[in-house]
Structures are given as C-alpha cells and as structure tokens.
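J.: Have a look at this one before I ask anything.
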Amino acid sequence: MFTLSNLLLFLSFLFFLLSLFYSLVIYKLNSPSKDLTKTYGPPTYPIIGCLISFYRNQRRLLDWYTDMLSESPTQTIVIRRFGAGPIVVTANPANVEYILSTNFSNFPKGKPFTDILGDLLGYGIFNVDGECWVSQRKLASYEFSTKSLREFVVSILEHEVEDRLVPLLDAASEDEETIDLQDVLKRLTYDTICKLSIGIDPCCLDLSRPTPPLLKAFEMAAEISATRAASPIYATWKIKRVLNIGSERKLKEAIKMVHTSVEEIITTRKNQALNHKEGRPVNNSHGGDLLSRLLRAGNSVEAVRDVAMSFIMAGRDTTSAAMTWLFYSLSRHPAIEQKLVDEVSRIPSLFNGACRDHDVYEALKNMKYMHACLCETMRLFPPVAWDSKHAVSDDVLPDGTRVKKGGRVTYFPYGMGRMEALWGENWFKFEPDRWFVEPKEDRDNKRELKVVSSYVFPVFQAGPRSCLGREMALMQMKYVVASILKRFKFEPVCSEPAIFVPLLTAHMAGGFQVRVKKRTS
C-alpha cells in the first residue's frame, strides 16, 4: 500500500538526488579560478560543500564565523553550503558601506530573504524592496519625525514604567522572589510597542493574567520563521510547507491567529473612524498610534496589517534584548553600574513628574554615559546578529570578493563587534569609555561621545535602510534602564556566563534569572 510515509520517503530521496545535482552544478559554477582574488572560509568539498564543518559547529555558528573572519586578511569569508550557492559573510566596514549605501540598488533583501518572512510579515516595510519599500519608507519616515509621536511614546513609557513595571519589581523585592528579567522586559516592550503600533493594551506586565494568545502566536511564528533561515539545507522548510507538516504546520496556524487578530483590531478602528465621521458617538481614545495614522492616510486593511506587524517585530524583541544584556553586563561590572547610577542621580526631576514630555526627551538625550553603555552592550550582544542581501547582478566588493548574480551577502554585526582590527586588543572587554573621544573619567559629564561610523557599528543598519526608530528605541531604553537603576539593583541567580542565542532577534538562553533588591542611597 502506498502510504504517506512512503510518499515522504520517495520525496526525500528525490530531493536528495536533485540536491546532489544542483550542488555539483553550483560548485562547478562558483569554484574559484586562479585569476580571482583568494577567498577564505571553512574546508569545502565537491557537492557537500562545508556541510561537515557546519554540523561540527552548528552549536557555535556565530563564534565559528567570527573566528574565520578574524583569520581572514580581508575580514570576509565565503561559505559554500550543500544544495545552495556560496554565501559571502563580511565584517569589513568598506564592504558594509558598499552593500548598504554605495551600491544599495544592487543589494536588496531579495526573494530568498523575503520568502523566509513573507508568510508572517507579508508586504511590510522590513520585508519588501523596490517601490513598495520606497512608499512605505516615506510614510513611516514622516510619522517618526513628528513631535506628536515622540510625546505619545513618552506618555506610554511613563505609564508602563511607573504604574506597572516599578510595582512589579517592588513586589518581587518585598517577597524576595526570583524573576526572569528577560521575560519581564519582553512583556514591557510588547505592551509598549502594541500601544504605539496598533493602539491596544495587552497588559502583559500583569502577571496575574494569562499570556495573551496573540503574544504566544506571534512568538511561535517568529521563532519558526527564524529556523527557516538557519536550516543547513534551505529547501527543507519549503517541502514541509507544501506538505503542511511539522513546524510549518504550526507556523501556518500561528500566523493565521496573528493576522486574524490584527485585522480585527484594524477593522474595529476603521468602523470607529467612520462612525466618528458620520457624527455618531464613539468610545475611542485612540489616534496617536501608528495604526490610526496609517488608516488616516488611506491604506488598506492588509497593507496596514503588514506594516504594523513589521513594527511590532522590530520594536519588541530588539529593545528588550539590548536591555537584558545591559543589565547582565552591569551585574558583572559593579564599578560601571555605579557610574551609571551616578549619572541617573544627577537628573532627579526625570522621575518626580516635574518634567514635561519635551524635557524628558532632552534629559534622556543628554545621558552620555548611558548612551555609551547601551552602545557597548549592542557591540558585544547585537539584537540582530546578522543581516543578508542578494545581488541583482554580478559585482565585486571593495576588498576584491566577487559576488555573482543572485548571490547572498551577509554583513555580520556580531562578528564586527569582536574584530581586533576595529576595536583594539581589548575588544572582549565591556568598556563604555571606548565610546568617548577622551576616555578619561569626567564627573561633570562634559566628555563628548565619539562619532562612530554606522558601517563599523551597523546595529541600526545604515544607508537608505537605516533604522527609522533608532532615536525612539534609544529613548525608550534609556528611560526604562534609568527608572530601574534609580530604584533597584539585580543579583543574578547563576554565576555562569550567559549564552547568546541568535534568532530573528537575539536572546539569552534560559532567560536572566535575578533577585531584585531595592537600591539604598
């Protein structure tokens, strides 16, 4: 009898044969000839490429790539995987500038990348190229530059921190409970980004409530989407999607839940706007969030959904990850933590309600040591460890590396933060002072921050696709971190080094378990 298992076995065998043939063709087409610039990378063999090395290092991919990049004189390597074309991975700032700016038009995200996130993000700004991206970028750029949106963000932060986060940490301190700080910060940023993006309050910081289904579904969809990119054999997830089995089936169900929930919110908001226009009474306190702004611009439900999804994805895990790793780093460097506490203490009006929204923003901008600590954290633990583009046509990078049409080029913030050539012999140390023009300590806060090229430190991307929410993200992180440090300190439960796990956005394996203590004067 011809069963489903027989069909899967047949398809797997057929795929194996096709992969062998494809790999042989790719290897022949991309084998470096004698007249090309020498390339560096792992040991590579006909047909299977670097599959052996890949599996040996699959639990330390980031450090494996970093080690090879450090040994390469150009800080660029070429990875040839089984069943796929060569991947150029670079930590060379000249290459990064060329990819992200100088020859931007030749290095879009490309279909292979947009396929990975397309089911979840659709045609949102972070998953499209060309005119679709240009139009969304213009609209989002205008909204992010408005004073009203900035003030809206400050008001959200004040409520979330003062009315929810601080009481939660107070209770944990009084009850001597251990909390997962990573989870708490994720809940905080999820509440914040949902209010900002789609105008709803999921109340994630209320631990007495169950985790909202939308949040569970979103997390599952993001995690499974990330595993697509990490698969050693790219076509595996596509076959599972066609057959609707395993992780791809779970992904499909999670995405349906997320899309349906967000579309219902959008439809409700459109109906409220229509009722308001027709003069009917509306119980509606919305208007400042991005969803309302996009609807007022005349966008369709599906278009607004995709843009909102992109902003939730970008704004939630990135800031919570950076703050988690900052508190982790401070816990291992008490002298640096004290310097940061001293800086926060010099702005008492920030936490007593005496500051207007504009004054809060200016006060946060002037926290130079806080800024340096955040940058140093993201240098060592970037929220997005790597990002890829795909060449439209044949090209040659500034260091001489050749890229063929359709070839994947990955710039690597995690590795760049660990290059001795960029950061010196002490690159492995957590030293916020490296971000100042004059490293010497100055208690009057008169030191000037260095201007570091975004092509050396591309955690907020660079060039035309540079992060629109950069200033807003820094403002949010500064406000939250300062509010916590003013009142509390954390004692990690585990003394072992934390493990950095890269998915779509990076996180700390197992969370960050801490005991909360009230800070004394």
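The values are calculated or read from the model by the stated rules, or taken from the named source; none is laboratory data. From a predicted model like this one, the values you see are computed outputs, not experimental measurements. For neighbour counting, all protein chains shown are included, and Cβ atoms are generated from backbone atoms with ideal geometry for every residue, glycine included. Quick note on the areas: whole protein, heavy atoms, side chains included, nothing else; ligands and nucleic acids left out. Shrake-Rupley method; radii C 1.70, N 1.55, O 1.52, S 1.80 Å.
J.: Identify all residues within segment 69-101 that are open to solvent by less than 20 Å² (accessible area, probe 1.4 Å), without any contact (Cβ under 8 Å) to a residue 40 or more places away in the chain and either among the hydrophobic types (A, V, I, L, M, F, W, C) or assigned to a helix (DSSP H, G or I) (or both); write none if there are none.
T.: Correct list: ILE77, ILE79.
J.: Here is a follow-up. Yes or no: VAL341 crowded, with 19+ Cβ neighbours inside 10 Å and either modelled with pLDDT of 85 or more or assigned to a helix (DSSP H, G or I) (or both)?
T.: Judged against the criteria, VAL341 is not a match.
Residue-wise test of (1) open to solvent by 60 Å² or more (accessible area, probe 1.4 Å); (2) closer than 17 Å to CYS194 by Cβ; (3) modelled with pLDDT of 80 or more.
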| residue | (1), (2), (3) |
| --- | --- |
| ALA221 | no, yes, yes |
| LYS238 | yes, no, yes |
| LYS250 | yes, no, yes |
| VAL282 | no, no, no |
| GLY298 | yes, no, no |
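J.: Of all residues in segment 132-165, which are open to solvent by 20 Å² or more (accessible area, probe 1.4 Å) and farther than 26 Å from SER300 by Cβ?
T.: LYS147, ARG150, GLU151, SER155, GLU158, HIS159, GLU162, ASP163, ARG164
J.: Next question, about the same structure. From ILE26, ILE52, which residue is modelled with pLDDT under 50, in a helix (DSSP H, G or I) and either open to solvent by less than 90 Å² (accessible area, probe 1.4 Å) or within 30 Å of TRP427 (Cα to Cα) (or both)?
T.: ILE26
J.: Then there is this: Hey, ALA473 hits all of (1) assigned to a helix (DSSP H, G or I); (2) among the aliphatic types (A, V, I, L, M); (3) open to solvent by 50 Å² or more (accessible area, probe 1.4 Å); (4) touching a helix residue (DSSP H, G or I) at 6+ places or on another chain (Cβ under 6 Å) but one; which does it fall short on?
T.: Just one mismatch for ALA473, condition (3).
J.: Can I ask one more? Can you report the number of residues in segment 481-521 which are exposed (fewer than 12 other Cβ atoms within 10 Å of the Cβ) and in contact with a Lys or Arg (Cβ under 8 Å, 6 or more places away or on another chain)?
T.: Counting residues in segment 481-521 that are exposed (fewer than 12 other Cβ atoms within 10 Å of the Cβ) and in contact with a Lys or Arg (Cβ under 8 Å, 6 or more places away or on another chain) gives 2.
J.: Here's something else I'd like to know. Cβ contacts < 9 Å: first residue at positive phi, restricted to segment 491-512; second residue β-branched (Val, Ile, Thr) and open to solvent by less than 40 Å² (accessible area, probe 1.4 Å), any location; separation 6+ or different chain. Result?
T.: From residues that are at positive phi, the pairs are GLY511/THR324.
J.: A further question follows. For segment 212-226, state whether one or more residues are more than 21 Å from the chain's Cα centre (by Cα) and either under 21 Å from ILE156 (Cα atoms) or of a type outside the set (Phe, Trp, Tyr) (or both).
T.: yes
J.: Can I ask one more? If VAL514 meets every condition in (1) touching a Leu at 6+ places or on another chain (Cβ under 6 Å); (2) part of a helix (DSSP H, G or I) apart from one, which number is that one?
T.: Result: VAL514 fails condition (2) only.
J.: Further question on the same structure: Could you look through segment 358-400, keep only residues that are at pLDDT 95 or above and of a type in the set (Val, Ile, Thr), and pick out the one that is surrounded by the most Cβ atoms within 10 Å (Cβ to Cβ)?
T.: The selected residue is THR377.
J.: If LYS478 satisfies all but one of (1) without any contact (Cβ under 8 Å) to a residue 60 or more places away in the chain; (2) crowded, with 19+ Cβ neighbours inside 10 Å; (3) of a type in the set (D, E, K, R), what's the number of the condition it fails?
T.: Failed condition: (1).
J.: Still on this model: Any residue in segment 430-443 that is farther than 10 Å from LYS368 by Cα sitting within a Cβ distance under 6 Å of a residue that is modelled with pLDDT of 70 or more and open to solvent by 100 Å² or more (accessible area, probe 1.4 Å)? List the pairs, counting only those 6 or more apart or interchain.
T.: Every condition considered, the pairs that remain are VAL437/GLU448.
J.: I'm told VAL128 meets every condition in (1) farther than 30 Å from LYS486 by Cα; (2) open to solvent by 50 Å² or more (accessible area, probe 1.4 Å); (3) hydrophobic (A, V, I, L, M, F, W, C) except one. Can you identify the failing condition by its number?
T.: The one condition VAL128 does not meet is (2).
J.: Also: Tell me yes or no: at least one residue of segment 449-458 is over 28 Å from ASN103 (Cα atoms) and surrounded by fewer than 21 Cβ atoms within 10 Å (Cβ to Cβ).
T.: yes
J.: Moving on to the next point. In segment 179-200, is there at least one residue being at pLDDT 90 or above, touching a strand residue (DSSP E or B) at 6+ places or on another chain (Cβ under 7 Å) and β-branched (Val, Ile, Thr)?
T.: So far as segment 179-200 goes, yes, one or more of its residues are at pLDDT 90 or above, touching a strand residue (DSSP E or B) at 6+ places or on another chain (Cβ under 7 Å) and β-branched (Val, Ile, Thr).
J.: Condition check: open to solvent by 50 Å² or more (accessible area, probe 1.4 Å), assigned to a loop (DSSP other than H, G, I, E, B) and either at pLDDT 90 or above or charged (D, E, K, R) (or both). Does PRO43 satisfy that?
T.: Criteria not met by PRO43.
J.: To continue, here is another question. Report yes if some residue within segment 406-414 is in a helix (DSSP H, G or I) and among the aromatic types (Phe, Trp, Tyr); otherwise report no.
T.: Yes.
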